[in-house]
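Have a look at the structure below, then the notes.
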Amino acid sequence: MTTGDIQYLTEALAVDLAEMLSKDFNMSILESLDTLYNSETYQKLTNPDTGLYFQSSLYVYSFLKQEITTGKLA
């Protein structure tokens, strides 16, 4: 898998995650993107070694939602 492939998958997940945040936490898209990009979950998502970019958006969102509601990643 190329770097471009990983970047494409990461960006596609980011769109889904931002939409889910917007809906679940009543955030604007800008707020949800800011929350996502500043999260530990996003740091892990953009690290190719984790393979998180290859998971479903719901799976990744479960980590993000937990991070937001508890203040930490599992």
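Split the accessible area of the chain by element, probe 1.4 Å, and carbon with sulfur accounts for 52%. Within the straight-line cut-off of under 22 Å between alpha carbons, the lysines reachable from Lys44 are Lys65, Lys72, sequence neighbours fewer than 8 places apart in one chain being disregarded. Building the convex hull from the alpha-carbon atoms of the chain and averaging its projection over directions returns 4.5 nm².
Here the 3J(HN,Hα) profile of segment 48-64, calculated from phi with Karplus coefficients 6.51, -1.76 and 1.60 at θ = phi - 60°, is x, 5, 7, x, 5, 4, 8, 8, 6, 5, 5, 5, 5, 4, 4, 5, 5 Hz, Gly and Pro shown as x. One decimal place: the segment Met1-Asn47 gains 15.2 nm when fully extended, by the rule 0.36 nm per residue minus the C-alpha distance.
The values are calculated or read from the model by the stated rules, or taken from the named source; none is laboratory data. What you are looking at is a predicted structure, and each value in this text was computed from that prediction instead of being measured. To get the accessible areas, we keep the full protein, side chains included, count just its heavy atoms, and leave off ligands, DNA and RNA. Shrake-Rupley method; radii C 1.70, N 1.55, O 1.52, S 1.80 Å.
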